[in-house]
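Enquirer: Mind looking over this structure? Questions follow.
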């Protein structure tokens, strides 16, 4: 919950995506939020496929947005680019909270494609899980090469930013939900989020203030655009414009009350891809419900630029065991200072920038021992775990290979119950 007692302007929350830049600055007064300034700028299509040129163009655009916008100061909280962040799940024996960090730093030496000394490694405690007759602690380890972090920071400095903190996208996404946790029963509610980005989607599930599950799915809006382009025989950028026009246009019929043939063609073209995404999300929900028994979300909130697509929400609703809704991350926030064009619809595309802008408020991701978890905000800490100490039965859980039963292939056979048992979990 946000508990600032006087009006304070927060740093600029920054979302540097593959196709656009979004910046949002908030003012907090008591428990009220209002937008001080917001800006959004799309990247040219020709730069999206060229990482080096895209980075330079992004910083040029960012510099101009800071100069021409109404932002207060140049302090920013920026999410690290997805392509430089690596995530792995570990299962550790139960241990005192004070020992978890050292254990994680020790155990990640062989699971990332770089040496720990070259990287910043942080973690989130996902919670306790049953593995056979044992109780394990599941941990989400997050790492990025220090050289790549330094390069990103240098680019932001050259663009005129003063970096207050670096953030992990899933944490920023979940922070938008966490701000509504006020009552005791909210602390036990399970929240499931699906962020549909340009090239991939992200599933984030948490209980109360704590993230318990994260998985990236390599299906995104670009796949929807490509499917429409193939179906209609047009360019991908034109397909994107068609889909955007249909979403903004509303109804499914034309002026004579007949089904819009273009809308039907778009629906037919994207249906199978959206169903593939729905299957992946369903496996994530199943894995979570089996792993964290008794903790099931009551609904799935869709975020990102695709959140306002009624076809996406409808197909997900028909394929998933829980209701699906387009989330409104800026609900109850005063958006009167945003441009009219930027505050229409569900505003799901602002979720990452909004969550980053909230980071330095007193809403936080508390670990189970009540400590604030800062993910990827500084240099890697020294490994203070004795080099000759061994942690028994540490397991790396490969969430990228969850099969149709919801079980990770990397897990031991007794780690999760069989499907019939899972139905009663």
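The values are calculated or read from the model by the stated rules, or taken from the named source; none is laboratory data. Please read all numbers here as calculations on a predicted model, not as lab measurements. Cβ sites come from the backbone with ideal geometry, for glycine too, and all protein chains shown count toward neighbours.
Enquirer: I want to confirm something. Restricting to segment 235-258 and keeping residues that are surrounded by 12 or more Cβ atoms within 10 Å (Cβ to Cβ) and modelled with pLDDT under 80, which single residue is farthest from the chain's Cα centre (by Cα)?
Expert: 254
Enquirer: Need the failing condition index for residue 393 against (1) in contact with a strand residue (DSSP E or B) (Cβ under 8 Å, 6 or more places away or on another chain); (2) assigned to a loop (DSSP other than H, G, I, E, B); (3) modelled with pLDDT under 90; (4) under 19 Å from residue 214 (Cα atoms), just the number.
Expert: (4)
Enquirer: Among the residues of segment 211-228, what is the count of those that are crowded, with 20+ Cβ neighbours inside 10 Å and in a loop (DSSP other than H, G, I, E, B)?
Expert: 2
Enquirer: Oh, and also: Please count how many residues of segment 135-150 are assigned to a strand (DSSP E or B) and surrounded by fewer than 18 Cβ atoms within 10 Å (Cβ to Cβ).
Expert: From segment 135-150, those assigned to a strand (DSSP E or B) are 135-145; that's our starting set.
Filter again for surrounded by fewer than 18 Cβ atoms within 10 Å (Cβ to Cβ), leaving 135.
Residues in segment 135-150 being assigned to a strand (DSSP E or B) and surrounded by fewer than 18 Cβ atoms within 10 Å (Cβ to Cβ): 1 in total.
Enquirer: Then there's this: Name every residue in segment 193-210 that is within 11 Å of the chain's Cα centre (by Cα) and either under 23 Å from residue 129 (Cα atoms) or buried (at least 20 other Cβ atoms within 10 Å of the Cβ) (or both), in order of residue number. Even if it seems obvious, please write down each step before you answer.
Expert: Our first condition is that a residue be within 11 Å of the chain's Cα centre (by Cα); within segment 193-210, this holds for 193-197, 200-205.
Once the filter is applied, which keeps residues that are within 11 Å of the chain's Cα centre (by Cα) and either under 23 Å from residue 129 (Cα atoms) or buried (at least 20 other Cβ atoms within 10 Å of the Cβ) (or both), segment 193-210 yields 193, 194, 195, 196, 197, 201, 202, 203, 204, 205.
Enquirer: For residue 36, which of the numbered conditions (1) modelled with pLDDT of 90 or more; (2) out of contact with any helix residue (DSSP H, G or I) (no Cβ under 7 Å at 6 or more places or on another chain); (3) surrounded by fewer than 18 Cβ atoms within 10 Å (Cβ to Cβ) fails to hold?
Expert: Residue 36 satisfies every listed condition except (3).
Enquirer: So how many residues does segment 80-107 have that are part of a loop (DSSP other than H, G, I, E, B) and closer than 30 Å to residue 197 by Cα? It would help to see each step written out before you state the result.
Expert: As a first pass, look at segment 80-107 and keep what is part of a loop (DSSP other than H, G, I, E, B): 80-81, 85, 94-96.
Subset that is closer than 30 Å to residue 197 by Cα: 80-81, 85.
Matching residues across segment 80-107 total 3.
Enquirer: Taking only segment 170-190 into account, find how many residues are without any contact (Cβ under 8 Å) to a residue 24 or more places away in the chain and under 19 Å from the mean Cα position of the chain (by Cα).
Expert: Matching residues across segment 170-190 total 1.
Enquirer: I'd like to check something: does segment 268-280 contain any residue that is in contact with a helix residue (DSSP H, G or I) (Cβ under 7 Å, 6 or more places away or on another chain), at pLDDT 95 or above and either within 21 Å of residue 137 (Cα to Cα) or assigned to a loop (DSSP other than H, G, I, E, B) (or both)?
Expert: No: segment 268-280 contains no residue that is in contact with a helix residue (DSSP H, G or I) (Cβ under 7 Å, 6 or more places away or on another chain), at pLDDT 95 or above and either within 21 Å of residue 137 (Cα to Cα) or assigned to a loop (DSSP other than H, G, I, E, B) (or both).
Enquirer: Can you spot a residue in segment 108-115 that is over 28 Å from residue 73 (Cβ atoms), touching a helix residue (DSSP H, G or I) at 6+ places or on another chain (Cβ under 7 Å) and assigned to a helix (DSSP H, G or I)?
Expert: Residues of segment 108-115 over 28 Å from residue 73 (Cβ atoms): 108-115.
Subsequent filtering for residues that are touching a helix residue (DSSP H, G or I) at 6+ places or on another chain (Cβ under 7 Å) retains 108-109.
Narrowing further to those that are assigned to a helix (DSSP H, G or I): 108-109.
Yes - at least one qualifying residue is present in segment 108-115.
Enquirer: Name the single residue that is modelled with the lowest pLDDT among those in segment 173-190 being more than 16 Å from residue 33 (Cα to Cα) and either surrounded by 16 or more Cβ atoms within 10 Å (Cβ to Cβ) or touching a helix residue (DSSP H, G or I) at 6+ places or on another chain (Cβ under 8 Å) (or both). Spell out the reasoning first.
Expert: Filtering segment 173-190 for residues more than 16 Å from residue 33 (Cα to Cα) gives 173-174, 183-190.
Those still in the list that are either surrounded by 16 or more Cβ atoms within 10 Å (Cβ to Cβ) or touching a helix residue (DSSP H, G or I) at 6+ places or on another chain (Cβ under 8 Å) (or both) too: 173-174, 189-190.
Values: 173: 95, 174: 95, 189: 88, 190: 92.
Among those that are more than 16 Å from residue 33 (Cα to Cα) and either surrounded by 16 or more Cβ atoms within 10 Å (Cβ to Cβ) or touching a helix residue (DSSP H, G or I) at 6+ places or on another chain (Cβ under 8 Å) (or both), it is 189.
Enquirer: Hey, another quick one. Report whether or not residue 71 is crowded, with 21+ Cβ neighbours inside 10 Å and more than 21 Å from the chain's Cα centre (by Cα).
Expert: Details: crowded, with 21+ Cβ neighbours inside 10 Å: yes; more than 21 Å from the chain's Cα centre (by Cα): yes.
Answer is yes for this residue.
Enquirer: So is residue 193 in contact with a helix residue (DSSP H, G or I) (Cβ under 7 Å, 6 or more places away or on another chain) and part of a helix (DSSP H, G or I) or not?
Expert: Against the criterion (in contact with a helix residue (DSSP H, G or I) (Cβ under 7 Å, 6 or more places away or on another chain) and part of a helix (DSSP H, G or I)), residue 193 does not qualify.
Enquirer: Take residue 314 and decide whether it is surrounded by fewer than 19 Cβ atoms within 10 Å (Cβ to Cβ) and closer than 22 Å to residue 222 by Cβ.
Expert: Working: surrounded by fewer than 19 Cβ atoms within 10 Å (Cβ to Cβ): yes; closer than 22 Å to residue 222 by Cβ: yes.
For residue 314, the condition - surrounded by fewer than 19 Cβ atoms within 10 Å (Cβ to Cβ) and closer than 22 Å to residue 222 by Cβ - is met.
Enquirer: Which of the residues that make up segment 118-161 are farther than 30 Å from residue 205 by Cβ and without any contact (Cβ under 8 Å) to a residue 12 or more places away in the chain?
Expert: Result: 150, 151, 154, 157.
Enquirer: In this structure, is residue 378 surrounded by fewer than 13 Cβ atoms within 10 Å (Cβ to Cβ), outside any helix (DSSP H, G or I) and either touching a strand residue (DSSP E or B) at 6+ places or on another chain (Cβ under 8 Å) or at pLDDT 90 or above (or both)? Steps first, answer last, please.
Expert: Working: surrounded by fewer than 13 Cβ atoms within 10 Å (Cβ to Cβ): yes; outside any helix (DSSP H, G or I): yes; either touching a strand residue (DSSP E or B) at 6+ places or on another chain (Cβ under 8 Å) or at pLDDT 90 or above (or both): yes.
When the stated conditions are applied, residue 378 passes them.
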